[in-house]
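For reference, the structure is listed below as structure tokens.
The values are calculated or read from the model by the stated rules, or taken from the named source; none is laboratory data. Quick caveat, the model's predicted, so the values are computed rather than measured. All Cβ positions, glycine included, derive from the backbone under ideal geometry; neighbour counts span all protein chains shown. Just the protein is used for accessible areas: all its heavy atoms, side chains included, with ligands, DNA and RNA removed. Shrake-Rupley method; radii C 1.70, N 1.55, O 1.52, S 1.80 Å.
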Amino acid sequence: MHTYNLTERLLFASTSLNKMKLGNEMKGKTILLTGASSGIGEQVAYLLGEIDAHLILVARREEKLLTIKKNIEKNGSRVSVFRADLRNEQEMKELLTFLHQLPGGVDVVVSNAGLSINRSISHSLDRYHDFTRTMAINYFAPVQILLSVIPLLEKNKGQVINVSTVNALLLPIPHWAAYQASKSVFIFGSARLLPS
């Protein structure tokens, strides 16, 4: 069990989750969850798997997604697995086609997929690709998904949940330049995509 230090207690206020309210809000919804094969995405998948909803789990590791699907479906929830590297143009196109062919569309998009790189800037001088790789998955992929599914979300009065990092709210931190930049532009830039 993780013990929180003073800094963590100051940065992260204690929260609680009302599972009954979550269940009532999400029941019967179609929920797209990217980055679903590990970390926060996997935990969110299991949490939402307790609700009578249709989960669409997206990640690069199909075997892991199939294991999660099998475990969640034991509770009677419906799960679709879509293996895709969201940086791959063809795989992204196939995912978006799949989403637009769903009879009821999409109700909720949880943009969680991400790439983290911890490297000092002095070790990144010849690694421009660190920045292009993080921007591709942390910013361009969720933006492309949102631009495509906003009409579906509007029709269903749906919502978007962007998963990011506290780093996006802090002053620049050494060793996290590519990651922090990509997550900051995602959080502050993607909010402007949504219709008012």
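Of all residues being assigned to a loop (DSSP other than H, G, I, E, B), polar (S, T, N, Q) and more than 27 Å from Y139 (Cβ to Cβ) in segment 70-103, which is most open to solvent (accessible area, probe 1.4 Å)? Just the residue, please.
Within segment 70-103, the match that is most open to solvent (accessible area, probe 1.4 Å) is N75.
Quick one: is N112 open to solvent by 30 Å² or more (accessible area, probe 1.4 Å) and touching a residue at least 60 places away in the same chain (Cβ under 8 Å)?
Spelling it out, it is not the case that N112 is open to solvent by 30 Å² or more (accessible area, probe 1.4 Å) and touching a residue at least 60 places away in the same chain (Cβ under 8 Å).
Could you list, in sequence order, the residues of segment 1-56 that are among the charged types (D, E, K, R), surrounded by fewer than 15 Cβ atoms within 10 Å (Cβ to Cβ) and at pLDDT 85 or above?
K21, E25, K27, D52 - these are the residues of segment 1-56 that are among the charged types (D, E, K, R), surrounded by fewer than 15 Cβ atoms within 10 Å (Cβ to Cβ) and at pLDDT 85 or above.
If I ask for residues that are open to solvent by less than 10 Å² (accessible area, probe 1.4 Å) and in a helix (DSSP H, G or I), which ones from segment 57-68 would you list?
Result: L65, I68.
Please pick out the residue among I137, I121 that is in contact with a Lys or Arg (Cβ under 7 Å, 6 or more places away or on another chain), free of Cβ contacts under 8 Å to residues at least 60 places away in the same chain and aliphatic (A, V, I, L, M).
Only one candidate qualifies: I137.
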